[in-house]
Amino acid sequence: MNAILETKNLRVEYRSREAEQGIKLAVDDLNLSVCAGEVFGFLGPNGAGKTTTMNVLLGFVNASSGSASIFGVDVRQPIARQRIGYLPELTYYYKFLNAEEILRFYARIFKIPRSQREARIDAVLKLVELEHARKRLIKTYSKGMQQRVGLAQALINDPDLLILDEPTSGLDPIGRMKVREIIQRLKNEGKTVFFSSHELGEVETVCDRVAILSQGQLKVEGRVDDLVQQYQCNLEQIFLKLIGHPVS
Amino acid sequence: MNNAFAVAGIVIKEMYRRKDFYVLFILTALITLAMGSFKLFNDDRIVRYLKEICLLLIWISSLVIAITTAARQLPAEKELRTIFPLLAKPITRGQLILGKFLGCWLACGMALLLFYVFFGIISGAREHQFPVFNYLQALWLHWILLAVVVALVLFGSVVLSAVSVNVTISFIVVVGILFVGRHLNKVALQLTEPAQSIVYSIYFAIPHLEFYDVRDLIIHDLPAIPWKIVILAGGYGACYTGLFLFATWLIFRRKALN
Amino acid sequence: MASPALILGLLFALCLSLGSALGSWFQGWSGGRNQSANVLNALIGDSRRMFANHFFAKADAYFHSGYYPTIFDSQKREEESHLAGGHEPAGEEGELHQHDENCKHDESDEPGHQHDASCNHDDSEEASFLGKPKDWIDRFSRNFYPVHHSHLEKGGERELLPWLRVSAELDPQRVETYTIAAYWLRSRLGKVKEAEQFLREGLRANPGSCEIYFELGRIHAEDLKEPAMARNLWEIALRKWAAQEKAGEKPDGFVFQEITGNLAKLALNENDFEQAIYYLKFLKQKSPTPDRIEAQIQELELKLKK
């Protein structure tokens, strides 16, 4: 299977006052490969380098060395982002706009034809159950509603690859269930989902493959079933073992 | 350009949904109408002072709108983290900067149009004449100035850390150029080296925004400027605008967003 | 814990008490500004004079339709300003006409010369305060502001009035503002009543001003055709002038010449040669051409003898 998301010896360094030589290594020679149609979990403790890796994939940060590509295109090219959808961890959108206007704005950037734009907006708003609030300004939305707007804008271009950073963060159980349903639906449609999460129970349920990162280094990568069989414990215990945390 | 115009549309929406413009417009209108209500020496045909006051208020308002709107564009995107979902789309940082510039400039243009229509009504009511051509020329030149100012402030927003610092410095620079820019060569002549060279360098390097301040011509009903000169002034403004935007892009493209 | 309302009330009472206590101290300390009934004076104190000067200069700039030197052209500023130069001749006697020494135009030999828009001003670049353009920026910028010397005329002089009004509000002790405004009001705009009202306002602020009395007299003589009233006013002006001189204030000699010259002219119009000679003798004391005055006196004395 062809990898649609790939990193090769990816290395990201930051200047830091705390580090001894003034340089902090956020990502250390990361080699990742995500195939089409799979749901890929990207796990690690806080500060492991997950968000940095995502920032490189999305072009927010330049890698110090190594490469990253999406659909075979270098991530530094804007066209690499034509077929992806991104949901950030903290969902903030223009407070002076309403949901419909935000989606229309992003649809325009994706060059979705005018004739299809409104239908697409209606479809995603229906999917995230925000039709009733489409004309209200974002500043009046609750956290959960903002998260759903985030999901809607990530899906507006019917992406082939969805990159989700902590998609269930801050959501109530119903909200989490809905996100899981959406991920499952996308998988059934043949889309690829790449997401980071701390909810290992969810990851174990939804993901085909996972990678566990710690201190910028890839500790393990593989199918969830294979890892559970290999380590003879659940995913949470595998996680704790690999990051060097004592397991009770 | 589609992406740039999409971003510009958002900026324009923001401007007309914020209260700043309406407050400034109402303030301008109220002060002008109050000043116009006085009957000095039983003569209701005195109009130039009113034109001057109105134009001064328009200039102050337009600079406030342009500088404050432009100064908060990029920092607000980063602070509110709206830049992440935006740049995760197929849009380059250059298109973002261009879009922000276009949005601020077009928004300022719309505000200016409204201000100048008001000005035209007020002066026409008193003077019983309406030199449309002259007013359009003044509006156009004013708009060109705002293009340079917006570009300058956008540059300041990627160089300086805080919005308030950028706004303050931008105001000082712009007002300083308007008041003193034309005269720096005279000041330089009175200085000794090396101060003379420094002042002369500043004189030739700064964008001469005073070219676009034709209030005196409007107030005193002087003839319009030849179109060749206006086109040259437009070109001059476009050069500086392009320079500031290019410099902004050079710095912004390398900046980490988090 | 005391209730918030009680704390607020106590704090408010404390503020009022402090205010009352400090108020009386402030009355004696602030040098009289707070005593002023004038709001502007209380707000900005003596810096109002600076603003008044600015607005007076603004009126001059308006007279020249924006063509005006800036502080960077300050050397040329006094040479160009002739807002106050609008003096009309008193009559056929050349000595009664005075050009403003700041005029830069060709002085006509004709005694009836008036300083107005038809004056032959040399407004070439070299002669003006602008000078030749120093560089291409200077040259290009001259397309965007007034660069030709002109004067307001045919009723356009009304545009000066708001700035003169504001200047007078800010500095009521500046007599020149009232006299200049009155000149334009009565001679170019036909607003004699308004000119008189404004001068009387100026008189309330400057009761000892001989200039204002003189201008009032001119209104009564030239516009209202009331020679008796004019004479009274000019005589008061003369007394005020003398009082200023006696007090060591060094009043303007030109004003003295105007007053005595006009009194003499009035007397001549009424064929009162004795009175005319009386005033011409006064005029001779301050005139730059005493010989010509003496000749006129002798001519009148001859007429008297006849």
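FYI, it's all coordinate maths here, none of it is from the lab. Since we're looking at a predicted model, the values are computed, not measured. Don't worry about glycine lacking a Cβ; one is built from the backbone with ideal geometry, like all the others, and counts go over all protein chains shown.
Cα centroids of the stretch B:1-22 and the stretch C:164-186: 49 Å apart.
Along the stretch A:202-212 the Karplus relation, 6.51 cos²θ - 1.76 cosθ + 1.60 evaluated at θ = phi - 60°, assigns HN-Hα couplings of 5, 4, 4, 6, 9, 7, 7, 10, 9, 10, 10 Hz to successive residues, with x for each Gly and Pro. In units of the rule-of-thumb radius 2.2 N^0.38 Å, chain B shows an alpha carbon radius of gyration of 1.10.
Can you compute the charge dipole magnitude of the stretch B:2-252 about its Cα centre, using +1 on each Lys and Arg Cβ and -1 on each Asp and Glu Cβ, nothing else charged? Give it in debye, rounded to the nearest 20.
Value, rounded to 20: 600 debye.
Each Lys and Arg Cβ is given +1 and each Asp and Glu Cβ -1; about its Cα centre, the protein assembly as shown then shows a dipole of about 3560 debye.
Looking at the protein assembly as shown alone, DSSP beta bridges between its own residues are antiparallel in about 60 percent of cases. Scanning residues 5 or more positions from residue A:24 or on other chains, those with amide H under 5 Å from its amide H are A:14, A:15, A:16, with H placed 1.01 Å from N in the peptide plane. Annotation: amide H of residue A:162 within the under-5 Å range of A:85, A:192, A:193, A:194, sequence separation 5 or more or interchain, hydrogens built in the peptide plane.
Enclosing the Cα atoms of the stretch B:58-137 in their convex hull gives a volume equal to 99 cubic angstrom per residue. Enclosing the Cα atoms of the stretch A:59-148 in their convex hull gives a volume equal to 116 cubic angstrom per residue. Compactness ratio for the stretch B:205-254: Cα radius of gyration over 2.2 N^0.38 Å (N = residue count) comes to 1.54.
Taking every C-alpha pair closer than 8 Å and separated by at least 6 residues, the mean separation divided by the residue count of the stretch C:197-306 gives a relative contact order of 17 percent. Within the same chain, lysines fewer than 8 places from residue A:241 are excluded, and of the rest, those with a Cα less than 16 Å from its Cα are A:219. Once you reduce the stretch A:152-189 and the stretch B:26-69 to the center of their Cα atoms, the two points are 55 Å from each other. With neighbour counts taken as other beta-carbon atoms within 10 Å, the residues B:64, B:163 rank, fewest first, as B:64, B:163. Taking all Cα-Cα distances within the protein assembly as shown, those exceeding 34 Å account for 66%. As a ratio to 2.2 N^0.38 Å, the alpha-carbon radius of gyration computed for chain A takes the value 1.03.
Across chain B, the mean sequence separation of Cα contacts (distance under 8 Å, 6 or more residues apart), normalised by length, yields a relative contact order of 27 percent. Phi angles of the stretch B:245-255 translate, via the Karplus equation with coefficients 6.51, -1.76, 1.60 and θ = phi - 60°, into HN-Hα couplings of 5, 5, 5, 4, 4, 4, 7, 5, 5, 9, 6 Hz per residue; Gly and Pro are given as x. Averaging 1/r across all pairs of distinct Cα atoms in the stretch C:133-231 and inverting the result yields a Kirkwood radius of 15.2 Å. With the alpha-carbon atoms of the stretch A:208-248 aligned to their principal axes, the span from lowest to highest coordinate is 24, 24, 12 Å, starting with the largest. When Rg and the Kirkwood radius Rh are both evaluated on Cα atoms of the stretch A:82-215, their ratio Rg/Rh stands at 0.96.
Cross-link partners for residue C:246 among the lysines, with Cα-Cα distance under 28 Å and sequence neighbours closer than 8 places in the same chain left out: C:265, C:281, C:284, C:286. For residue A:35, nonlocal amide neighbours, meaning residues 5 or more places apart or on other chains whose placed amide H falls under 5 Å from its own, are A:4.
Just list whichever of B:51/C:134; C:250/C:306; A:95/A:126; A:191/B:255; C:58/C:250; A:24/A:143 have alpha carbons separated by over 30 Å in the model shown. Distance filter (> 30 Å) returns B:51/C:134; C:250/C:306; A:191/B:255; A:24/A:143. Size estimate for the stretch C:241-291 follows the Kirkwood approach: the inverse of mean 1/r over distinct Cα pairs works out to 11.3 Å. Whole-percent P(r), the stretch C:170-304, all Cα pairs, 5 Å bins from 0: 2, 11, 19, 21, 19, 14, 9, 4, 1, 0, 0. Note on chain B: helix-only mean residue ellipticity at 222 nm, from DSSP H runs of 4+ residues weighted -39500 (n - 2.57) and normalised by residue number, equals -25500 deg cm²/dmol. A simple rule links phi to the HN-Hα coupling: the Karplus curve 6.51 cos²θ - 1.76 cosθ + 1.60 with θ = phi - 60°, which for the stretch B:192-197 gives 9, 5, x, 4, 5, 5 Hz, with x for Gly and Pro.
With axes computed from alpha carbons, what is the tilt in degrees of helix B:163-180 against the longest principal axis of chain B, rounded to the nearest 10 within 0 to 90? Roughly 40 degrees between the two axes. Distance from the Cα centroid of the stretch C:280-295 to that of the stretch A:108-128 is 97 Å (rounded to whole angstrom). So, how do all the Cα-to-Cα distances of the stretch B:1-139 break down into 5 Å bins, in percent, from 0 on up? In whole percents, the pair-distance histogram is 2, 9, 17, 18, 14, 11, 9, 7, 5, 4, 2, 1, 0, 0. Of the beta bridges in chain A, as assigned by DSSP with both residues counted there, near 60 percent are antiparallel.
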